[in-house]
Every structure is written in C-alpha cells, then in structure tokens.
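Student: Just passing along the structure, written as structure tokens.
The values are calculated or read from the model by the stated rules, or taken from the named source; none is laboratory data. In this text the structure is predicted, and so the values were computed from the model without any measurement. Don't worry about glycine lacking a Cβ; one is built from the backbone with ideal geometry, like all the others, and counts go over all protein chains shown.
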Amino acid sequence: MDAIVNIEKSYGFGATEPKGADLVKKPKGQALIREVCEKMGEVGGVPYIYVAEKRYAVCSKIVETLLDPLYNPAIPNSDTWDPEKRQTEAQFFYENGGALIEEFAEAYRLKKPGAVRANAEKWVEALRNSGHKDQAARVAGVLPNVEEEIETEARYDAAIKTPSGMDSLNMPIVAEVFQFVEQHCPFPCDIVHDQNASFEAVYKFVFDLYANASSAAALEMKDGRRIHYGFKNALSLSFADSKSQPLIRAADYALAGARKFIQLATAGEPISENVTWIAFATLGAILLQAYAQVHPSLDRQPKLSGYMSSNYWRDMVFGRLSRELSDLMPCKAREAD
C-alpha cells in the first residue's frame with residue numbers, strides 16, 4: 001500500500017484521488033498505471049482478472065431462455081449440462097443475430113413475456129430465411145411456453161426478493177467472478193470491493209446465494225467445470241472506500257488499463273507501449289495459458305484469469321496483444337519461436 005501511495009505522489013497525486021478511467025486517457029497517467037502494475041508484481045500483488053464481453057453474455061442468456069429443455073420440448077435435458085454445446089450455440093446466435101440480440105436483451109431485462117415471445121418469433125423467421133432450418137425448428141419449440149417461462153422467472157425474482165438494480169443479464173457475470181475467486185485463488189481470502197451504492201446490495205445478494213449454501217457442494221459439468229456452493233475459499237465480501245484503500249485504487253488502475261487495451265484493440269486503433277504492458281500484467285495471463293497449451297515444454301500456468309466472450313472478440317483482443325508484445329520484444333519472440 002505504501003508503494004502505491006509513493007508512486008501516486010511521484011506523479012503529483014497527493015491531495016486528490018486518481019481514477020483509472022481518467023489516467024488511461026493521457027501518457028502520464030498510463031505511465032503511472034504501468035509503474036503501479038509492475039511494482040505490485042515485484043512485491044507479490046498478483047492480479048487476477050475475469051473479462052466478459054456483454055454481447056456474448058446476452059447470447060448465452062438467449063440460449064438459456066429459448067433452448068431451455070424445461071420449456072422447449074425440442075431440446076434434450078442433457079444439453080443443460082453440456083457447456084461446450086451451449087457455448088457453440090451462443091456463438092451461433094452471436095454470429096447470426098444482428099439487431100435481434102439487442103432486442104432480446106431489452107425485452108428480457110424488463111421481463112416482458114410478450115416482447116420475448118415476439119423476439120423468439122423473429123429468430124425463427126430470420127433463421128428459416130437464412131437457411132438455418134434445423135436451428136429455427138429448435139427455437140420454434142419454445143414458442144408455446146416462452147411467455148410462461150418469463151412470467152415464472154419474474155415471480156421467482158419477486159419471491160426471493162432480489163435487490164433493486166439486479167439485472168438478470170449481469171448476474172451470470174457477477175456470479176462467475178465469485179466462482180473464479182473461490183475455485184482458483186490459491187488460499188482463503190476476503191473479497192473487498194470498491195464502495196458502490198448502486199450495486200453493493202446486488203453483489204452481496206449474488207455472493208450470499210453461493211457462499212451461504214447450507215452445505216459445501218459442487219455441480220460438475222460434462223467438460224469438468226464446476227459451480228461451487230458453500231464457499232470455503234472466498235471467505236467474505238465487504239466494501240471499502242478507494243480514497244483510503246490504495247489496493248482498491250491499484251485494482252482500478254489495472255482494470256482501466258485492460259479496458260483501454262480492449263477498446264483500442266476492438267476498434268483497430270494504435271496502442272501505446274505503456275497500455276500494452278498494462279494489459280500484459282492482467283490479460284497476459286490468458287495469453288500465457290494459451291501458449292502453454294500449444295507448447296507442452298512451457299511450464300503449466302496458474303489460473304490467474306478467465307473470459308466469457310465470442311471467438312471473434314477473443315481473437316481480436318488476444319491476437320492483438322500477442323502482436324503488440326512481439327513488436328516490443330522482437331528478439332525474445334524470435335528466440336521463443
């Protein structure tokens with residue numbers, strides 16, 4: 001914490017609290033963030049990161065809603081426990097949905113049964129017209145029951161008293177972050193989040209949903225992944241003021257740098273050296289895991305990161321990071337090849 005404060009003072013921030021979103025806009029701020037990330041690494045502050053592409057997350061919810069075997073007789077129950085198949089289907093909707101994805105998101109977020117059914121009908125028509133008749137038939141299976149499905153979800157949300165501000169499209173992402181900490185942090189830990197009046201109740205609700213289950217259990221998917229209930233590793237969730245907690249500011253800086261890299265990569269714009277190194281401190285863990293899988297001679301990488309995204313988004317972001325690093329380290333890259 002002292003190291004973070006000293007770096008901030010060296011850049012002229014003493015009386016005011018720097019915000020990562022502002023710092024990444026200018027070269028001086030980018031240099032500060034890079035220095036903080038590198039110093040954290042030197043003293044053992046290892047960054048964990050989970051990244052989600054919202055559009056792909058919406059497509060995952062489309063799969064869960066329109067291809068739910070409980071309401072769609074055209075879908076076998078086994079699909080529910082097959083993440084690879086569900087991911088493939090989410091990718092399909094991502095590539096073939098266009099404006100229907102945003103339309104579904106709005107209808108589902110507001111829990112409007114009629115609007116969700118109308119959206120499902122448009123999916124059936126669009127898929128038939130584009131030659132995807134088999135997938136159109138699968139979606140058509142939900143039409144008689146989709147309004148009941150949305151009404152049931154709305155009643156459930158009311159019964160369990162979900163807090164104000166709960167967005168059912170964001171819940172899987174928030175849940176995945178807590179699951180990531182529970183399953184991959186190498187030691188028991190307390191999760192401390194920046195104070196956020198709008199979302200604290202939502203985060204706490206989702207955390208408690210899994211952490212305070214009556215007994216420790218795990219639901220295992222076909223590909224070996226698990227959902228944990230009754231947390232043992234993620235001990236608690238609390239909130240702190242970033243003005244008085246330098247570690248929260250450091251996390252904010254690292255996330256802002258990673259977000260900036262993603263924005264520039266997906267827009268195809270130039271990326272500065274400092275922003276690339278900041279991204280390597282966080283997103284680089286995903287890249288190293290991929291390298292280790294391709295090159296068995298490399299040491300197995302710890303699970304420091306994860307992502308929920310389409311193939312297109314993944315290739316844009318991590319392909320760009322790989323190229324930028326190769327440009328910064330041409331000699332080392334050649335030696336590795």
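Student: Let me confirm something: among 62, 101, 75, which residue is at pLDDT 90 or above, closer than 30 Å to residue 139 by Cβ and not in a helix (DSSP H, G or I)?
Tutor: On inspection, the qualifying residue turns out to be 75.
Student: Quick one: in region 18-58, of everything that is in contact with a helix residue (DSSP H, G or I) (Cβ under 9 Å, 6 or more places away or on another chain) and small (Gly, Ala, Ser), which residue is farthest from residue 257 (Cα to Cα)?
Tutor: The selected residue is 57.
Student: Among 107, 137, 99, which is free of Cβ contacts under 8 Å to residues at least 40 places away in the same chain, hydrophobic (A, V, I, L, M, F, W, C), in the same structural domain as residue 62 (by TED's automatic domain parsing) and surrounded by fewer than 17 Cβ atoms within 10 Å (Cβ to Cβ)?
Tutor: 99
Student: Conditions first: (1) surrounded by 18 or more Cβ atoms within 10 Å (Cβ to Cβ); (2) in contact with a Leu (Cβ under 7 Å, 6 or more places away or on another chain); (3) in a helix (DSSP H, G or I). Residue 126 passes all but one, so which condition is the exception?
Tutor: Only one criterion is unmet by residue 126, namely (1).
Student: Another question, if that's okay. Which members of region 149-197 meet the condition of being modelled with pLDDT of 90 or more and hydroxyl-bearing (Ser, Thr, Tyr)?
Tutor: Of everything in region 149-197, just one residue is modelled with pLDDT of 90 or more and hydroxyl-bearing (Ser, Thr, Tyr), namely 152.
Student: Would you be able to tell me the number of residues in region 58-89 that are surrounded by 19 or more Cβ atoms within 10 Å (Cβ to Cβ) and under 17 Å from residue 116 (Cα atoms)?
Tutor: Residues that pass the stated criteria total 11.
Student: For residues that are part of a loop (DSSP other than H, G, I, E, B) and among the polar types (S, T, N, Q), scanning just region 165-193, find the one that is surrounded by the most Cβ atoms within 10 Å (Cβ to Cβ).
Tutor: Filtering region 165-193 for residues that are part of a loop (DSSP other than H, G, I, E, B) and among the polar types (S, T, N, Q), the one surrounded by the most Cβ atoms within 10 Å (Cβ to Cβ) comes out as 170.
Student: Quick check on region 49-106: of everything there that is of a type outside the set (Asp, Glu) and touching a strand residue (DSSP E or B) at 6+ places or on another chain (Cβ under 8 Å), which residue is nearest to residue 282 (Cα to Cα)?
Tutor: 49
Student: Would you check which residues across region 199-221 are modelled with pLDDT of 80 or more and either assigned to a loop (DSSP other than H, G, I, E, B) or surrounded by 17 or more Cβ atoms within 10 Å (Cβ to Cβ) (or both) and list them?
Tutor: 199, 200, 202, 203, 205, 206, 207, 210, 211, 212, 213, listed by residue number.
Student: May I ask you to list the residues in region 149-164 that are charged (D, E, K, R) and surrounded by 12 or more Cβ atoms within 10 Å (Cβ to Cβ)?
Tutor: 149, 151, 153, 157
Student: Of the residues that sit in region 17-59 and are small (Gly, Ala, Ser) and not in a helix (DSSP H, G or I), which one is nearest to residue 270 (Cα to Cα)?
Tutor: 52
Student: Further question on the same structure: When you go through (1) modelled with pLDDT under 90; (2) surrounded by 13 or more Cβ atoms within 10 Å (Cβ to Cβ) one by one for residue 29, which number turns out not to apply?
Tutor: It fails just one condition, (1).
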